[in-house]
Every structure is written in structure tokens, then in C-alpha cells.
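Colleague: Following this message is one structure expressed as C-alpha cells.
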Amino acid sequence: MSANTPPDPREAVNAAIQNLMASRLGRGFVPLGLLFAWGVGSMFFGGGVMLPGGAVGAAAAMLAYGLRIVQRAFGRPDRLWMTLASVGSVIPPLFSVYVLGWLGLRGFTMGFGLSTFASATLSTALGVWSLQSWMKVVEIERLARIMTLNLDGEGGPA
């Protein structure tokens, strides 16, 4: 590209969507990583595999869905894994609601001990944080859809 050639609008939009998605996914993996670590730690004290397994499943589903959004923004055709990523997109919000509601809010009704209260508070906070992170990924999808809607192959309005 020479100095006089203007940048291609489609490439600029695609790069922006890719950077935004990478940023949101990176931030979204923080609460899931904390839930995974907490779940692995609680397994030593008789906890099940639901918390660490759910965190890994939600992270994988979130990553696949984010990659699907970026690939669609680049104009790539649908593939089987993209359909599976769309179906799997129910995992992150369901896991977040499980952590928020079942482990968190329900935990407040389980007793009056300090550890019970701390566990319920932490679960509620991490559930809200992971749900908020998922909603940011969905917002990027909406943004990508709107930004790439009216670009044709030349980079101008269709």
C-alpha cells in the first residue's frame, strides 16, 4: 500500500472487531479462571467437579463464539464448528446464572456462619462478573453485525 492509498474500510473494521473481541475475551476469562481455581481447591475438601468443569466449558464456549464472530466479520463462510459454537453459546450464561443463583444467592440462605456468608458473597460477585463478561461478548457481536452490514467488496456502502 502506498502513502497515497487510503486504508480499506473493511480491513479497518475487521481489525477493530478482532481487537475488541480479544480484549473482551481476555477480561472474561478472569472470573472464569477464578471460578476454576476455586473449584479445584474445593475438590480437595469434598467439592464436586461442577465448578471447575463448568468454568472450563464456559471459557471454551466463549472462545469459540468469539472466534465465530471474528470469522463472520471477516466474511468467512459458515462451517460446522460455527454452528456448534452458536449452540454452545448457551453454556456461559447458564453457568453464570448457576454460580450467581445456586451457589451465590442460595448460599445466603444456608446458614449464618462467616465462611458461608463469604462463600455466598464471592459466588454472587463472580457470577455477576462472568455474566457481565458474556454480555460484553454479545455486544461485540451486535457491533460487528452493524459495522459490517453496509460494507461491500470495495469497502464502501453497499
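Colleague: Looking for something outside any helix (DSSP H, G or I) and surrounded by 13 or more Cβ atoms within 10 Å (Cβ to Cβ) - is there at least one such residue anywhere in the range 143-156?
Modeller: Looking through the range 143-156, at least one residue is outside any helix (DSSP H, G or I) and surrounded by 13 or more Cβ atoms within 10 Å (Cβ to Cβ).
Colleague: Yes or no: Pro77 of a type outside the set (A, V, I, L, M, F, W, C) and surrounded by fewer than 16 Cβ atoms within 10 Å (Cβ to Cβ)?
Modeller: Yes; evaluated as a whole, the condition is true for this residue.
Colleague: Going through the range 99-111 one residue at a time, which ones are surrounded by fewer than 17 Cβ atoms within 10 Å (Cβ to Cβ), in contact with a Ser or Thr (Cβ under 9 Å, 6 or more places away or on another chain) and among the β-branched types (Val, Ile, Thr)?
Modeller: None; the set is empty.
Colleague: Evaluate the range 112-133: report whether one residue or more is modelled with pLDDT of 95 or more, under 30 Å from Arg10 (Cβ atoms) and crowded, with 19+ Cβ neighbours inside 10 Å.
Modeller: Yes, there is a match, as at least one residue in the range 112-133 is modelled with pLDDT of 95 or more, under 30 Å from Arg10 (Cβ atoms) and crowded, with 19+ Cβ neighbours inside 10 Å.
Colleague: Only one of (1) over 14 Å from the mean Cα position of the chain (by Cα); (2) surrounded by 14 or more Cβ atoms within 10 Å (Cβ to Cβ); (3) of a type in the set (Ser, Thr, Tyr) fails for Ser96. Which number is that?
Modeller: Status for Ser96: all satisfied but (1).
Colleague: Let me ask another. In the set Gly66, Gly88, Gly46, Gly53, which member is surrounded by fewer than 14 Cβ atoms within 10 Å (Cβ to Cβ) and at pLDDT 95 or above?
Modeller: Gly53
The values are calculated or read from the model by the stated rules, or taken from the named source; none is laboratory data. The shown structure was predicted, so the numbers you read here are calculated from the model rather than taken from an experiment. We place every Cβ from the backbone using ideal geometry, glycine too, and count neighbours over all the protein chains shown.
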